[in-house]
1. So, in segment 10-53, how many residues would count as being buried (at least 21 other Cβ atoms within 10 Å of the Cβ) and either at positive phi or not assigned by TED's automatic domain parsing to the domain that holds LYS147 (or both)?
2. Identify the residue in segment 113-130 that is farther than 20 Å from TYR186 by Cα and out of contact with any strand residue (DSSP E or B) (no Cβ under 8 Å at 6 or more places or on another chain) and, among all such residues, is surrounded by the most Cβ atoms within 10 Å (Cβ to Cβ).
3. Considering only segment 104-112, I want to know if a residue exists there that is in contact with a helix residue (DSSP H, G or I) (Cβ under 9 Å, 6 or more places away or on another chain), buried (at least 16 other Cβ atoms within 10 Å of the Cβ) and assigned to a helix (DSSP H, G or I).
4. Of the conditions (1) touching an Asp or Glu at 6+ places or on another chain (Cβ under 7 Å); (2) free of Cβ contacts under 8 Å to residues at least 40 places away in the same chain; (3) among the hydroxyl-bearing types (Ser, Thr, Tyr); (4) in a loop (DSSP other than H, G, I, E, B), SER177 satisfies every one except a single condition; which number is it?
5. Return yes or no: is PHE194 within 30 Å of MET137 (Cβ to Cβ), out of contact with any helix residue (DSSP H, G or I) (no Cβ under 9 Å at 6 or more places or on another chain), among the aromatic types (Phe, Trp, Tyr) and at pLDDT below 95?
6. Taking segment 202-241 as the search range and keeping residues that are within 23 Å of GLU150 (Cβ to Cβ) and modelled with pLDDT under 65, which one is surrounded by the fewest Cβ atoms within 10 Å (Cβ to Cβ)?
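The values are calculated or read from the model by the stated rules, or taken from the named source; none is laboratory data. These numbers were taken from a predicted model, which means no experiment stands behind them. Every residue, glycine among them, receives a Cβ derived from its backbone with ideal geometry; neighbour counts consider all protein chains shown.
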Amino acid sequence: MVGGGVMGGGIGQVLAIAGYQVWIRDLTPDILERTREVIVETRFGLRRAVELGKLPEDELEKVMSRMAFTTELSEMKAADFVIEAVPEKLDLKQQVFAELDQVIKAVAILVSNTSGFSITDVGRDVSEARQRLLAGMHFASPVPAMKMCEVIYTERTSPETIDTVRGVAERIGKVVSMVRDTPGTYGFILNRVFAAARREADKIVADGIATREDVDKAMMTGRNWPVGFYNSRGVRTGWLD
């Protein structure tokens, strides 16, 4: 994992539970300590999983023993499968991909956890040989609790890479939707469908057809959505992740 934020830590957590040896890299020891705390102590962390009977008590330490935390990008050189989970800025992701391309093994798969940037664009600056090893994995958040994972493949992603990425997602318990990369657009299935629905909800409110509160009630009780488009102050909720 490159990036130890909420997404990076959550992905690392489910990978380690599934038996993978995981390295999580971020910029400072303080960030990594916070990542470790989130993995163990928070609502969707390992200790809570033990309390709920979802993880045997003696497994907690075993899971943590499969995780290492580092500030050195060079630690990624032994990895077979690298997932980038840095903030959602295209230029930053492109820089990280270019740096990783020079560090990791020639046969290592390189994956972005972008919410919607084209994988072709994210991997613009990697070597020609690496193009066949690029893919995306957009995990629904929070990763330890949500089952959905969109696996994105480009025109140049090899069939072997696609099979491996899908296999990793399924091994960690995710339900997979396959998505063809479409440069020039943002969002895959989840975010594009929700964005379209949210635009229509805004139009309903703007046209005076219904209030924000009634739109939310309709979707939450009539379509079983867990939350609506707006909170109690009429501000849009942050579903796009």
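1. Looking only at that region, the number is 0.
2. Among those that are farther than 20 Å from TYR186 by Cα and out of contact with any strand residue (DSSP E or B) (no Cβ under 8 Å at 6 or more places or on another chain), it is SER127.
3. No, because not a single residue in segment 104-112 is in contact with a helix residue (DSSP H, G or I) (Cβ under 9 Å, 6 or more places away or on another chain), buried (at least 16 other Cβ atoms within 10 Å of the Cβ) and assigned to a helix (DSSP H, G or I).
4. Every condition holds for SER177 apart from (4).
5. Judged against the criteria, PHE194 is a match.
6. Going through the qualifying residues, I end up with GLY238.
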